[in-house]
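> Following this message is one structure expressed as structure tokens.
The values are calculated or read from the model by the stated rules, or taken from the named source; none is laboratory data. The structure presented is a predicted model; accordingly, all values stated were derived computationally and were not measured. With ideal geometry, Cβ positions are generated from the backbone for all residues, glycine too; neighbour counts draw on all protein chains shown.
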Amino acid sequence: MDSKERSAYFWNMLGSLVYAITSMLLGVAVTKLAGAYAGGIFFFGFSTLGQQLYIVSYFGMRPIQVTDISNEYTFGDYLRLRAITSFLAALAGFVYIFLTTGDLYVFEVYMILSLYKILDGFCDIFESEMQRQDRLDMTGKATLFRTLLCVGVFLAALVTTKDLKLSSLALLPSILLAAIIFDILPLLRLKPDKTIKKASYISLINKSKWLFLGAFIDLYIFAAAKYAVNYRLGEELNGYFSIIFIPTSIINLMAGFIIRPILTKLSLLYKTGNQKKFISTISKIAAFIFAATVLGMGMAYLLGIPVLKLVLGEVATAIEPYKTALVLVIFGGGLYALVNLGYYCLVIFEMTGIIFLIYAVGAVFAYFVSDFMVIKFGMNGAAMAYMITMLLLTVFFLTAVIFGLRKVKK
């Protein structure tokens, strides 16, 4: 790997890491500075609902765009479709928030945070084009500096005002400014093709729709317990549950850093018929995920609540009764990492139909089991529902992977 490649991977990894931990850190900051109720509103509006609408805006286009080396579609084609999907995301967000939220303050904050995440999804179109033009370093820098500017403005407003609504409102001009400075102006120097081909967006929709649906359902399954807690128990308890959820996100972040870099190697092993090495590689990854999960569960049981108290102060006292929920959620997070490993295996096997079927069944199951368990057992029920759902998906994906391997052997 030459210096240019090392620089590109460094900036991309740094940008991705900062971006990935932003929601966790901001949620903790809001909870500590503005209280658990405000923290619950932020976690749901930013990390749950906002992220779901981000997926609508994103519409599964990045994998298509960054691999479109032959320029089947112009940047103008991608930009136009992203503008359409972002508008639809904003419309869908407004309808959902209007139908599910009775409090005007909560409605306003949810809308502001949703718009920020939708704009975040729109900005991705510029960073994807940088990557397509072989400037992954620019992609990483844009992601990093855009995120840091928005986070800095938000935290400055929060420290000054202690008001979630005003702080959230400050995010909107900051992301517009950041998009101009770090996305649009640098990309213009690369001179992207801004022409629009007639009816090309129809073809793009057909190419990206299954990626979008898969990602949308996957995210819902991951967050189904949060939706149930927010709807049944309210924003404050959802804030506590979201804090308990943070170690799960860390496990998946670590697993992602291990899985994604070796996807090309796994694909090559599979397509060249080296199944022994393929199975050995995915087994090692699974063993690492298992070990990290067991370690995380043990540390959460012994140190989880004291650490949360150290970070959050007296706010964390309300989480003390939920030590069991914390451990169960971490176990579920480990299972979710295994699900992602199975997902990538099935992508390599080109079994995308099976992936969508598993996700569809999982989404229906997650909705009903989460609602039932939250009504019956509260936050502990939500943790159990999340763990049970991930266990079911793990079984489904493991079965499909074994089937895929045996099918090729024949």
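> Within region 7-35, take every residue that is closer than 15 Å to GLN51 by Cα and modelled with pLDDT of 90 or more and give me the one that is nearest to the chain's Cα centre (by Cα).
THR22
> Oh, and also: So, in region 69-104, exactly how many residues are without any contact (Cβ under 8 Å) to a residue 24 or more places away in the chain and outside any helix (DSSP H, G or I)?
Counting residues in region 69-104 that are without any contact (Cβ under 8 Å) to a residue 24 or more places away in the chain and outside any helix (DSSP H, G or I) gives 5.
> From the list ILE305, ILE285, which one is of a type in the set (A, V, I, L, M, F, W, C) and either under 20 Å from the mean Cα position of the chain (by Cα) or under 21 Å from PHE43 (Cα atoms) (or both)?
ILE305
> Could I ask something else about it? So LEU211 fits all but one of (1) at pLDDT 90 or above; (2) touching a helix residue (DSSP H, G or I) at 6+ places or on another chain (Cβ under 8 Å); what number is the exception?
Every listed condition holds for LEU211 apart from (1).
> Kindly establish whether GLY39 is in contact with a Leu (Cβ under 8 Å, 6 or more places away or on another chain), at pLDDT 90 or above, surrounded by 24 or more Cβ atoms within 10 Å (Cβ to Cβ) and over 15 Å from PHE122 (Cα atoms).
no
> Could you please tell me which pairs satisfy a Cβ distance under 9 Å, a separation of 6+ or placement on different chains, a first residue in region 170-186 that is farther than 16 Å from GLY121 by Cβ, and a second residue that is hydrophobic (A, V, I, L, M, F, W, C) and surrounded by fewer than 16 Cβ atoms within 10 Å (Cβ to Cβ)?
Every condition considered, the pairs that remain are ALA170/ALA156.
Matching residues to (1) more than 12 Å from ALA400 (Cβ to Cβ); (2) surrounded by fewer than 19 Cβ atoms within 10 Å (Cβ to Cβ); (3) touching a strand residue (DSSP E or B) at 6+ places or on another chain (Cβ under 7 Å):
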{"site": "LYS323", "(1), (2), (3)": "yes, yes, no"}
{"site": "ALA337", "(1), (2), (3)": "yes, no, no"}
{"site": "GLY342", "(1), (2), (3)": "no, no, no"}
{"site": "LEU357", "(1), (2), (3)": "no, yes, no"}
{"site": "TYR367", "(1), (2), (3)": "yes, yes, no"}
{"site": "SER370", "(1), (2), (3)": "yes, no, no"}
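> Is at least one residue of region 189-198 buried (at least 20 other Cβ atoms within 10 Å of the Cβ) and farther than 18 Å from MET24 by Cα?
Scanning region 189-198 turns up no residue that is buried (at least 20 other Cβ atoms within 10 Å of the Cβ) and farther than 18 Å from MET24 by Cα.
> Tell me which residues, restricted to region 1-50, are under 18 Å from VAL229 (Cα atoms) and touching a Lys or Arg at 6+ places or on another chain (Cβ under 6 Å).
Across region 1-50, the qualifying residues are THR48, GLY50.
> So ALA318 ticks every box in (1) surrounded by fewer than 22 Cβ atoms within 10 Å (Cβ to Cβ); (2) under 26 Å from the mean Cα position of the chain (by Cα) but one. Which box is left unticked?
In the conditions (1) surrounded by fewer than 22 Cβ atoms within 10 Å (Cβ to Cβ); (2) under 26 Å from the mean Cα position of the chain (by Cα), ALA318 misses (2) alone.
> Kindly state which helices (runs of 4 or more DSSP H) lie completely within region 116-209 and contain at least 2 residues that are on the phi < 0 side of the Ramachandran plot and within 21 Å of the chain's Cα centre (by Cα).
136-161, 164-178
> Name the pairs whose Cβ atoms lie under 6 Å apart, with the first residue in region 224-249 and more than 20 Å from ILE21 (Cβ to Cβ), the second of a type in the set (Asp, Glu), and 6 or more positions between them or separate chains?
Close Cβ pairs satisfying both conditions: ALA228/ASP371.
> Within region 372-394, take every residue that is of a type outside the set (Phe, Trp, Tyr) and surrounded by fewer than 14 Cβ atoms within 10 Å (Cβ to Cβ) and give me the one that is nearest to ARG232 (Cα to Cα).
ILE375
> In region 205-256, what count of residues is obtained for those that are closer than 19 Å to ILE97 by Cα, surrounded by fewer than 17 Cβ atoms within 10 Å (Cβ to Cβ) and either touching a Lys or Arg at 6+ places or on another chain (Cβ under 9 Å) or among the aromatic types (Phe, Trp, Tyr) (or both)?
Qualifying residue count for the region: 1.
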